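A short worksheet on the structure shown next.
Laboratory data are not the source of any read-out in this text; all were calculated from the coordinates shown. Source: prediction; values computed, not measured. Virtual Cβ from ideal backbone geometry, glycine too; neighbours counted across all protein chains shown.
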Amino acid sequence: MQDKEAHAKSIVEVAAGLKAHIELGLSQDEAQRRLQQFGPNELTERPRPGFLALLWDQFNNYLVIILIIAAVISLALGEWVDSIAIMCIVVLNAVVGVIQESKAEQALAALKKMAAPNAQVLRDGHQVTVPGRELVAGDIVVLEAGNYVPADMRLISSVNLKIEEASLTGESVPVEKNAAILLDKEIPLGDRRNSAFMSTMVTYGRGKGLVTGTGMHTQIGMIAEMIQSYEDEATPLQLKLQHLGKVLGSSVLAICAIVLVYGLFRDTHLTDVFQIGLLNYLEAEQKDIINLFMTAVSLAIAAVPEGLPAIVTICLALGMQQMIKRHALIRKLPAVETLGCATVICSDKTGTLTQNEMTVVQGWTAGKRFKVTGEGYNPSGQFLLDDQPFETRGDPDGTLLLQGALLCNDALVDRRSDEAGNHSWHIIGDPTEGAMTVVAMKAGFERAELEKSLPRVQEIPFDSERKRMTTIHRADGVAGYPPIFAFVKGAPDVVLDLCTHVRENGKAVPLSEQQRREVLDQNRDLASHALRVLGVAYRPLDAVPDHPVPETVEKELTFVGLLGMIDPARPEVTEAVKVASGAGLKTVMVTGDHKETAEAIAREIGILRPGGLVLTGPQIEKLSDAELAAKADNLQVCCRVSPQHKTRIVDAMKERGHVVAMTGDGVNDAPALKRANIGVAMGITGTDVSKQTADMVLTDDNFASIVAAIEQGRIIYSNIRKFVYFLLACNVGEILIIFGAMLVGMPIPLRPVHLLWLNLVSDGAPALALGMEKGDPDTMKHAPRPPKEPVINRDMAIGIGVVALVDAIAILFVFSLGLQRYPGHLEAAQTIAFVTLCISELVRAFTARSEYHSLFFIGVFSNRWMVWAVGASLLLVLMVVYVPFLQPFFDTVPLTLNDWLMMLPFFFASAIAMELLKVYFRRRSVKDLEARQAPAFSSLASTSASLEAAGGNMLKVLIPVDGSRNSEFAARRVVKEFMNNTAMELHLLNVQVPLSSYITRFVSRKNVMDYHRDEAEKALRPIRQLLDSFGIPYAVHIEVGERAESITATAHRLHCDHIVMSSARKNSLTRLVESSTTNRVLELTDVPVEVVAGDAVSRWERYGIPAGLGALLALLLAIVAD
């Protein structure tokens, strides 16, 4: 029994439909009958997977199944060491997986907590307290301030009733309720002012409601059902590793079959099958067939990276620890990597992008428009008038405005301390009134002191029809106040209509029509900035009325001023949004708040840009899924949306191929958090529901932490690629070694136990160390990788092939030398091959730390985990060779010093091959970058035109100055454009390469900073003179550091719209040896860059190359002379 359209019906209709009695409520017997028929008022959940189901999921993996089969076959053939080692890996991986996934979701349990434990209801005409779970449709519930709403209900009476619905709708302020109104059937959830919803809280007033829905039939129940209806999707990493496993597994089976058939043809008389029969053939060739079968098993072991599943799991777990240091708590392991490939962040506004704390930011009184600084409910801030400090306590009009805001107010500000001794400020009461209390406290006014001197003696409470509140005070001898007076606060237009006077220069003067228009203009202007505006007025009274009524008190008022408030953006969000944009991430605001407020906040923090699309909930409702997906790429703000709309928005983004990260903190965010590729909840302000549903929880509620988490996610995925690259290159090399030995008729160089040792021990520890890499320095300078890009891309496939081939050639060659050195002693030659391959892989592990950067660029010993891992693995290899009781297990023999000298050159073969391959990749990327530079260099004119079209904003241009005459070409280019568009803000930047104090003392007597400053002034002088000659204003900045990084950092710090750089003339030899500053800037920033060609040559071309060629010529002459 429920009524989903109660908001569109009269109270009488709803009561008749539910067979309820408004005055008496339900009878106890009828309530019990309905409870048994329709069930309790609580949320239900579907059963969770048991332990055995979780365990089966761990073994239901293509690679794992192949490993189990290989272990069984090895055991059947007597190779018990190999079998036990393989099964240990399988079991370890399963245990780790089950532990991680057995943390059951607690979203429904958290939702249950939010339901009110008790409720005040009418039963048989009496008000009684019953457990919330025993409410039924048709009950009459009494609501008071501080109560949780225990079920969905149609209000039947409301007296100044306000309900906090932020957790359900995203509305940042409590909603004023009115039981008497009728609403349209299709009106959004946030606008249903005649209804109350389960789990929301009454903040003000009182009322009664008729229960229309309980349990899973409430709005929060619909959310719970949506959460349960979404199946967990495989993450991009899981899909890629599954695909990789299938490819590897299929390849393993194919290779094993080929090798087995080839071996049967080569080593046995296969044609005898047709003459003597299959059984006789198997008996005659039993020994050779078993050896070939073991060779095939060896290849299977070589091809399958046994440690890969466990290493991936451990790497993700280690990534979780790194995330915690960056204020991100990961609840689900694969989410660590998924965040790294996110392309869209769908962010809730209230509490995520904003502080969820209403704050007065502007005010007006007696012709003075002032600003107020500060954050949230912290009563510290500054008043500014024309950007200069404004002492409100010294201004009689400002004092009256703030004292009126504080006294005509019921909210309290409470300072709390946690266990760690950290202090925070909280509001008790209505957030709007709380904001007015805080702004008065910023001016130094305290409620307790004011109420002692100006005590409240009567009041007329706030009424949603009157839209105002009045308090009456007695002022016994307080200067500036009449003996008895009233303060009135409310909607500015309503309060102004009741005024006959206005404050001006500390006095009340008659309100002229011009002054009335000025107040209304100020109100409109404040409201246009998405501020919630309240007006304050006062009136002297002759006596304290016994029963004050609006008609006698609220008239002939004197208007004092206006206060504008907003739920402000978090101060760090603007930069976080810009950094996210630079990393190729699209940010979309998705909120239940009003359009004007959402647009203002989105525009302020940089989410809403010129040409961006804004959609409201009703507009989304009218769009089909296909139409919404078509608009997704241009969508930047969604407002007045319901939980269903949020999930549709996420689905639309995913339909366009995006990997979606959804952030939020309320109950209303839970379905979208569940539906997104990765849900991100707020740890401090977030509800339990959002935290338990999300994949990741931000422990500091900082939007900027999302960007840090994305960077860490990219690093983790990059590290996974590195050890996949490392492991597969080794595995493919092992296959080529065994297959190559068979092709040339050599004995098998490596035994199965050798391959297992290589894959699990020698390669396992360095692979784990690769998972601890800190990441390449340009991690956040690239666009997100395509979600469908395979783990093994083209470059990795080339690298695996080249390294594996070099490994195979080197090992087969050293194995042949071992056979010649120890004729008839196969174990010795196999030991040489085994040790050479082990140490070769350990050396290559250092070069595997970056796919493109040189080992010397990232630092040989910068990863201490790698040093320890290689050292430990090397020690274990030596133990296998030299510890007597281990030699029989591994079929090894001790090696001599001469053996080690013979093997030494082969240790570095694959590492050198990989470094040379990196050189090739880097040169190719430089060529690709140069090919893209022409379209990448944005025109200053086009940037200026686009900004002008967007509203004529000031264009900020940065001109790096390097001291060469090429900089003048860039400056002249900007001057030319300035003549066409003077709406430019020019910034000159001189970057000085840092010199040590020793060099500075040698060339000058000045200290380092003075020396750099003087050099900068010399470099800037001709550009200054050029701009001064045209009368163009500019700002100067001097930085010391690496040029490209300083340019990009300054551009971001100043929020520049364009960079104009000069470029030296270069020949092809210069391009080969010089790392261009221009190229680096293009790599590091998303700010449009225009490059102006100069006529001066590069310093490399002027000094470096001639010096190098001269030195080479002198060397040749010296050799000839000898």
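Determine how many Å³ per residue the convex hull of the Cα atoms of segment 410-481 encloses.
Values: hull volume 8.7 nm³, N = 72.
Enclosed volume per residue, from the Cα hull, is 121 Å³.
Going from the alpha-carbon gyration tensor of segment 515-653, what semi-axes, largest first and in whole Å, does one get by taking the root of 5 times each eigenvalue? Display every interim value, and only then the final one.
Values: eigenvalues 364, 69, 32 Å².
One finds semi-axes of 43, 19, 13 Å for segment 515-653.
I'd like to compare 895-902, 969-976: which one has the highest average count of other Cβ atoms within 10 Å, and what's the full order after that? Could you put the intermediate results ahead of the total?
Values: 895-902: 13.2, 969-976: 18.8.
The peptides rank, most packed first, as 969-976, 895-902.
In segment 539-588, which trypsin sites (Lys or Arg not before Pro) are in a loop and have at most 13 other Cβ atoms within 10 Å, using DSSP for the loop call?
Details: sites: Lys555, Lys578, Lys586; in loops: Lys555.
Sites meeting the loop and neighbour criteria: Lys555.
Based on the inverse mean of 1/r over its pairs of different Cα atoms, what is the Kirkwood hydrodynamic radius of segment 734-921, in Å? Before the final figure, lay out the partial values.
Values: mean 1/r = 0.0567 Å⁻¹.
Computed over segment 734-921, the radius equals 17.6 Å.
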query: In whole angstrom, and with the biggest value first, how far do the Cα coordinates of segment 359-566 range along each principal axis?
result: 53, 39, 34
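Hey, can you rank 738-746, 200-208 by average C-beta count inside 10 Å, highest first? Please list the in-between numbers first.
Working: 738-746: 15.8, 200-208: 21.2.
The densest-packed peptide leads the list: 200-208, 738-746.
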Estimated distance in nm for a label pair at Ile276 and Arg416, the labels positioned 7 Å out from Cα along Cα-to-Cβ: 8.8 nm
